[in-house]
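See below for the structure under consideration.
The values are calculated or read from the model by the stated rules, or taken from the named source; none is laboratory data. Bear in mind that the values here come from a model prediction, so they are computed numbers and not experimental data. Note that we place each Cβ from the backbone using ideal geometry, even for glycine, and neighbour counts take in every protein chain shown.
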Amino acid sequence: MNNIFKVAAFGLALGLVSISFVIPAKAASNILAIDGSGDVQEALQEALILAEPGSTILIPEGTFHFTGALSLDVPNISIKGAGMDKTILSFAGQTTGSEGLLVTSDNVWIEGLAIEDTPGDGIKAKGVDTISFVNMRIEWTRGPHAENGAYGIYPVESKHVLIDGAVVKGASDAGIYVGQSQQIIVRNSRAEQNVAGIEIENSYYADVHNNIATHNTGGILIFDLPNLPQMGGHSIRVFNNKSVSNDEPNFAPPGNIVGTVPMGTGIMVMSNRDVEVFGNEMAENASANMLIVAYPRDYNDPNFNPLPQNIYVHDNIYGRGGWAPDKDAKAFIEPKTGLPIPDIVWDGAVDGFWSALLGPDEGDRIHIKEKEGTTFANLEFVWDMIVPWDAGIDRDISNYSGSIEQRAPIMLPQDAIK
Amino acid sequence: MLRLMLVLTFALLGASVSVAQGPVNDALLMHKRPAKLLSAYNLFSDPSVQIPNEGLHPFDLQQPLFTDYAQKYRFVYMPEGSKASYDEKEAFNFPVGTVLVKTFAYPADFRKPTKNIQLVETRLLIHQKEGWNAWAYVWNEEQTDANLKVAGKTLPVSWVDETGAVRSIQYVVPNKNQCKGCHTYKKAFSPIGPKARNLNKNFPYTGGVQNQLDYWVHTGLLDGVPTIKKAPSIPKMDDVSAPIADRARAYLDINCAHCHRLEGPASTSGLFLTYGETNKTTWGYMKRPVAAGRGSGGLAYDIVPGDPDQSILIFRLDSIDPGIMMPELGRTLIHDEGVELLKEWIRQLE
């Protein structure tokens, strides 16, 4: 309890510090308008390099073609287009660079433009503090394709990340992917026809809310992976989202973790702790509406915990799900539960005999509170390995009562000044 | 009148005055905005043949980064009386005022590598008060001077290779941010090449062949070197007398490890390729990819011992697709010899 409040207070304190930097920069703001009639690639890249901190770079309406990656390394910059359907940066002819736009500086706000058809990632921010992607569209215009770039919006190792009103389509990995970051809001966005719609990976303190994830392979994924500088993903809230009709066959190149996601997954929590999933609508997901699982692969990392711990799933709305499972849902879940696969499935992986027998320790448990008639299964994978003759599953949702401590909403400094 | 015009030009362009003779222009190097012409810095007494001015010292690296087979001429300049301090593992700590100069060039015919050389670009890495700064200058057709290109440039280059085949590429001059894309250590702009293990080799100075570290110490460029014998070293990639593991790791070190290290731009991958990395999973051995996207090529592990064709590392080095290739920048061609070396190493891994 105390810890949660301390962290929230710390977040607020950080916010205040950031604000005191942002305001003077805004006061000195300087507008750089890109001339859409000339060599936009050169003009825009020059502006991105030579802009003084505090500047706003305006990109006019039009479709502009790029052969190389753009990058920004100046802090306190806004980049604004005329709207996500009006200012279009096309990277269909890109021959160099592994993303459309790379941001490596703090306090950057990008708004009202589209990035299309990058061979690699759409827009990446690496190691930055305070980054906002607002009313942007990232799209691979030919639709789902294994040769599309991996990530649409891709902040990584960053702090204070805001993704608001984004539309992302066609990513061969995750449309919106936040990796190894902290203090994150993903809201009011739409992820469609990606392998993963929205993925929060190895991250701390995220609120993912009021988004629509549809026609992806999997809608919303909360993952934690081994062998990375930041592990132990935690304190994630996924609420008031619609994750429906995720019916795109998995087109990720094998080898990547999302390549294992079954077609028709609503929301999936893999490892991580302190995750609250509530108020979402999950429906028309053919494998499973709600999955809670351990990291399924072998790994060599003593610091990695593969288990989902202290998870609370409550007050969601479930429509049809689990009638035609894919991949592991078909291989491992269907044989145990039959069809349709229940609304909520936990693989029941735990750390050792006593946890298998009695359930995880207090504080590590899985809690569920859903309305009457919601179906559930604990597959008891570990218990099954210990006593294979007792190969039951637990469908009694009332064994999973209780809740986790609620934490305060994420507050971001860039939100406070708007 | 001429003088007045020069003054005016200087005032108008800030930093584009060309000086034919005299010392290296320290003040201009420290200017926030770069000069428009490379000649303004007075780094070379004869730029077109890369004859360095007083105070600019040539050097090379035991194992260079692959840049589409370009030849590279490297120089270091430190202001009078200042010197770098030695570091066993990392790039030396260079004083403010240091300039690292690298010119990229292609001979018309690699079978005659010293003849008909075309200078393509010269990159400056300048240690200013606020930190390192990088600028690229593209040589003019007459090869008399080079022009600043802030946003980078793509230009056609062709040559005849060692086998007599004509090779043509769209050579990519990086912009400042792309420079930093690799030249980042602990989030700050930083040199990569001038580390003890890369410099610990002989160089043909005008006064005779000498170990570079030895030369740097005796010329007053470097402080704190224990003894040359104790300084680390690496083998060249084609030195078959050295163990293949050392050659492969040295190759990965200079080509990949500036990003692929905990303190570098590819920290997020968890794949760290510095020469001293001892954790096998960390340098890729049966390590699963992270956020590789289609860079994984459908393969499960970065390095599968004994099986280069199942190793993502090889897949990505053997590609020129921008969504797959590694390194992300700095080449448009596959380095066949590098790929072969790494394949052979992986074949022998157990």
**Asked** Quick check, is residue A:360 in a loop (DSSP other than H, G, I, E, B), more than 24 Å from the chain's Cα centre (by Cα) and within 27 Å of residue A:184 (Cβ to Cβ)?
**Response** yes
**Message:** Whether any residue in segment B:298-314 is more than 11 Å from chain A (Cβ to nearest Cβ) and touching a residue at least 60 places away in the same chain (Cβ under 8 Å) is what I want to check.
**Reply:** no
**Message:** Go through segment A:211-229 and report how many residues are out of contact with any Phe, Trp or Tyr (no Cβ under 8 Å at 6 or more places or on another chain) and of a type outside the set (A, V, I, L, M, F, W, C).
**Reply:** 7
**Fill in**
Of the residues in segment A:80-94, those that are surrounded by 24 or more Cβ atoms within 10 Å (Cβ to Cβ) and within 14 Å of chain B (Cβ to nearest Cβ) come to A:91
**Message:** Restricting to segment B:103-122, and then to whatever is under 16 Å from residue B:143 (Cα atoms) and among the charged types (D, E, K, R), can you tell me which residue is farthest from the chain's Cα centre (by Cα)?
**Reply:** B:115
**Request:** Return the only residue of A:238, A:269, A:258 being of a type in the set (A, V, I, L, M) and at pLDDT below 95.
**Result:** A:258
**Request:** Scan B:82, B:39, B:48 and give me the residue that is modelled with pLDDT of 95 or more and assigned to a helix (DSSP H, G or I).
**Result:** B:39
**Message:** For segment B:175-211: of the residues being assigned to a helix (DSSP H, G or I), within 14 Å of another protein chain (Cβ to nearest Cβ) and among the polar types (S, T, N, Q), which is surrounded by the most Cβ atoms within 10 Å (Cβ to Cβ)?
**Reply:** B:178
**Asked** If you scan segment A:312-352, which residues turn out to be surrounded by fewer than 24 Cβ atoms within 10 Å (Cβ to Cβ), hydrophobic (A, V, I, L, M, F, W, C) and in a strand (DSSP E or B)?
**Response** A:317
**Request:** Restricting attention to segment B:87-96, report how many residues are surrounded by fewer than 19 Cβ atoms within 10 Å (Cβ to Cβ) and not in a strand (DSSP E or B).
**Result:** 6
**Complete:** All conditions in (1) of a type in the set (Asp, Glu); (2) in a helix (DSSP H, G or I); (3) out of contact with any helix residue (DSSP H, G or I) (no Cβ under 6 Å at 6 or more places or on another chain) are true of residue B:214 except (3)
**Fill in**
Within segment A:116-133, the count of residues that are in a strand (DSSP E or B) and within 25 Å of residue B:187 (Cβ to Cβ) comes to 11
**Prompt:** Of B:327, B:322, which residue is within 14 Å of chain A (Cβ to nearest Cβ), more than 18 Å from residue A:252 (Cβ to Cβ) and free of Cβ contacts under 8 Å to residues at least 12 places away in the same chain?
**Reply:** B:322
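Only one of A:296, A:262 is touching a residue at least 24 places away in the same chain (Cβ under 8 Å), assigned to a loop (DSSP other than H, G, I, E, B), of a type outside the set (Ser, Thr, Tyr) and buried (at least 24 other Cβ atoms within 10 Å of the Cβ); which? Write out each step before concluding.
On the way: A:296 fails: buried (at least 24 other Cβ atoms within 10 Å of the Cβ).
The unique qualifying residue is A:262.
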**Prompt:** What about residue A:175, is it more than 10 Å from chain B (Cβ to nearest Cβ), surrounded by fewer than 24 Cβ atoms within 10 Å (Cβ to Cβ) and either touching a Gly at 6+ places or on another chain (Cβ under 8 Å) or not in a loop (DSSP other than H, G, I, E, B) (or both)?
**Reply:** no
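Say we look at segment B:128-163 and pick out the residues that are among the small types (Gly, Ala, Ser) and out of contact with any helix residue (DSSP H, G or I) (no Cβ under 6 Å at 6 or more places or on another chain); which of these is modelled with the lowest pLDDT? Working first, answer last.
Quick first cut of segment B:128-163, residues among the small types (Gly, Ala, Ser) only: B:131, B:134, B:136, B:146, B:151-152, B:158.
Subset that is out of contact with any helix residue (DSSP H, G or I) (no Cβ under 6 Å at 6 or more places or on another chain): B:131, B:136, B:152, B:158.
Numbers: B:131: 95, B:136: 96, B:152: 89, B:158: 97.
Per the stated criteria, the residue is B:152.
State all residues of segment B:265-277 that are more than 10 Å from chain A (Cβ to nearest Cβ) and modelled with pLDDT under 95; if no residue qualifies, say none.
Looking only at segment B:265-277, we keep the residues that are more than 10 Å from chain A (Cβ to nearest Cβ), and these are B:273-277.
Residue satisfying the conditions is B:276 alone.
Within segment A:303-341, work out how many residues are over 24 Å from the mean Cα position of the chain (by Cα) and in contact (Cβ under 8 Å) with a residue 12 or more places away in the chain. So that I can check it myself, show each step before the final result.
Start the filter on segment A:303-341 by keeping residues that are over 24 Å from the mean Cα position of the chain (by Cα), which leaves A:323-324, A:330-341.
Next, only the ones that are in contact (Cβ under 8 Å) with a residue 12 or more places away in the chain stay: A:323-324, A:330, A:332-333, A:336-337, A:339-341.
Looking only at that region, the number is 10.
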**Prompt:** If we scan segment B:164-180, do we find a residue that is at pLDDT 95 or above, more than 25 Å from residue A:68 (Cα to Cα) and not hydrophobic (A, V, I, L, M, F, W, C)?
**Reply:** yes
**Prompt:** Which residues, taken from segment B:217-255, are of a type in the set (Val, Ile, Thr), outside any helix (DSSP H, G or I) and buried (at least 17 other Cβ atoms within 10 Å of the Cβ)?
**Reply:** B:225, B:234
**Prompt:** Across segment A:135-160, what is the total count of residues that are among the β-branched types (Val, Ile, Thr) and either more than 14 Å from chain B (Cβ to nearest Cβ) or surrounded by fewer than 22 Cβ atoms within 10 Å (Cβ to Cβ) (or both)?
**Reply:** 1
**Request:** Take the residues in segment B:136-156 that are within 14 Å of chain A (Cβ to nearest Cβ) and small (Gly, Ala, Ser), then tell me which one is nearest to the chain's Cα centre (by Cα).
**Result:** B:136
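Can you tell me which residues in segment A:234-259 are within 14 Å of another protein chain (Cβ to nearest Cβ), out of contact with any Leu (no Cβ under 9 Å at 6 or more places or on another chain) and over 23 Å from residue A:320 (Cβ atoms)? Give the steps one after another, and end with the answer.
First, the residues of segment A:234-259 that are within 14 Å of another protein chain (Cβ to nearest Cβ): A:250-259.
Filter again for out of contact with any Leu (no Cβ under 9 Å at 6 or more places or on another chain), leaving A:250-252, A:256, A:259.
A:251, A:252, A:256, A:259 - these are the residues of segment A:234-259 that are within 14 Å of another protein chain (Cβ to nearest Cβ), out of contact with any Leu (no Cβ under 9 Å at 6 or more places or on another chain) and over 23 Å from residue A:320 (Cβ atoms).
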**Message:** I'm trying to understand the selection: among the residues of segment A:218-236, which are farther than 15 Å from residue A:307 by Cβ and touching a Pro at 6+ places or on another chain (Cβ under 8 Å)?
**Reply:** A:218
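If you take the residues of segment A:265-293 that are over 19 Å from residue A:205 (Cα atoms) and surrounded by fewer than 20 Cβ atoms within 10 Å (Cβ to Cβ), which of them is nearest to the other protein chains (Cβ to nearest Cβ)? Before the answer, list the steps.
From segment A:265-293, those over 19 Å from residue A:205 (Cα atoms) are A:265-266, A:281-291, A:293; that's our starting set.
From the residues that got through so far, the ones that are surrounded by fewer than 20 Cβ atoms within 10 Å (Cβ to Cβ) too are A:281, A:283-284.
On the way: A:281: 29, A:283: 29, A:284: 27 Å.
Only one residue fits best here, namely A:284.
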**Prompt:** If you check every pair at least six apart or on different chains, which have Cβ atoms under 6 Å apart with a residue in segment A:95-123 that is more than 14 Å from every other protein chain (Cβ to nearest Cβ) and buried (at least 24 other Cβ atoms within 10 Å of the Cβ) first and a residue that is assigned to a loop (DSSP other than H, G, I, E, B) and of a type outside the set (A, V, I, L, M) second?
**Reply:** A:107/A:75; A:107/A:76; A:113/A:81
**Message:** Can you confirm whether residue B:280 is closer than 24 Å to residue A:156 by Cβ, part of a loop (DSSP other than H, G, I, E, B), among the basic types (Lys, Arg) and within 10 Å of chain A (Cβ to nearest Cβ)?
**Reply:** no
